[in-house]
1. For the subset of the stretch 112-133 comprising residues that are under 14 Å from Arg83 (Cα atoms) and among the charged types (D, E, K, R), which member is modelled with the lowest pLDDT?
2. Which pairs turn up if I take residues in the stretch 73-94 that are of a type in the set (Lys, Arg) and look for partners that are surrounded by fewer than 16 Cβ atoms within 10 Å (Cβ to Cβ) and part of a loop (DSSP other than H, G, I, E, B) with beta carbon separation below 8 Å, at least 6 apart in sequence or on another chain?
3. Across the stretch 101-118, what is the number of residues that are outside any loop (DSSP other than H, G, I, E, B) and surrounded by fewer than 16 Cβ atoms within 10 Å (Cβ to Cβ)?
4. Looking at the stretch 69-81, is at least one residue at pLDDT below 70 and farther than 19 Å from Phe126 by Cα?
5. Only one of these conditions is not met by Gln97: (1) surrounded by fewer than 16 Cβ atoms within 10 Å (Cβ to Cβ); (2) in a helix (DSSP H, G or I); (3) touching a residue at least 24 places away in the same chain (Cβ under 8 Å). Which number is it?
Amino acid sequence: MTDTPNPFEALLRQAQEMAKAFPAVDAFSPKVFEAMMGTMPSEMMEMMFGNAINKDGLDARTRLLLTLAGLTMQGAQNEVVLRQTVRHALAAGATEQHIKETIAQMSVFAGIPAMTRALELAQQVFDDNEGDA
């Protein structure tokens, strides 16, 4: 057995020391960063994700509801992406009822815990929107 240092451990230690050197790391807040991301205008969503190119294709609202269903199926693990998708779906014309039904439908496939977590995250967006009104 040798006492040769593991290069991965050395790299990890170096990265940790570098992170400590940045004063802003302590103040970083994912919630603040999420709030800065904003929401894409519905016209841009329709152009990029909707049926602007394929006239008979899915519109942006439907695509975003399908994305929300997929995120729920994954267990609603990525909170930021799920909340952002809910915001974009609302901007694309989905109602709170559309969003709740989309998430609820996934309980059959993803299970009650995934549905419950996704509904909690969606409710956070709905609550934030009430504060803006």
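The values are calculated or read from the model by the stated rules, or taken from the named source; none is laboratory data. A quick note: this is a predicted structure, and the numbers were derived from the prediction, not measured. Neighbour counts are summed over all protein chains in view; Cβ atoms, including those assigned to glycine, are modelled from backbone coordinates with ideal geometry.
1. Asp128
2. Final answer for the pair search is Arg87/Thr39.
3. Result for the stretch 101-118: 8.
4. Checked against the condition, which is being at pLDDT below 70 and farther than 19 Å from Phe126 by Cα, the stretch 69-81 yields no hits at all.
5. It is condition (3) that Gln97 fails.
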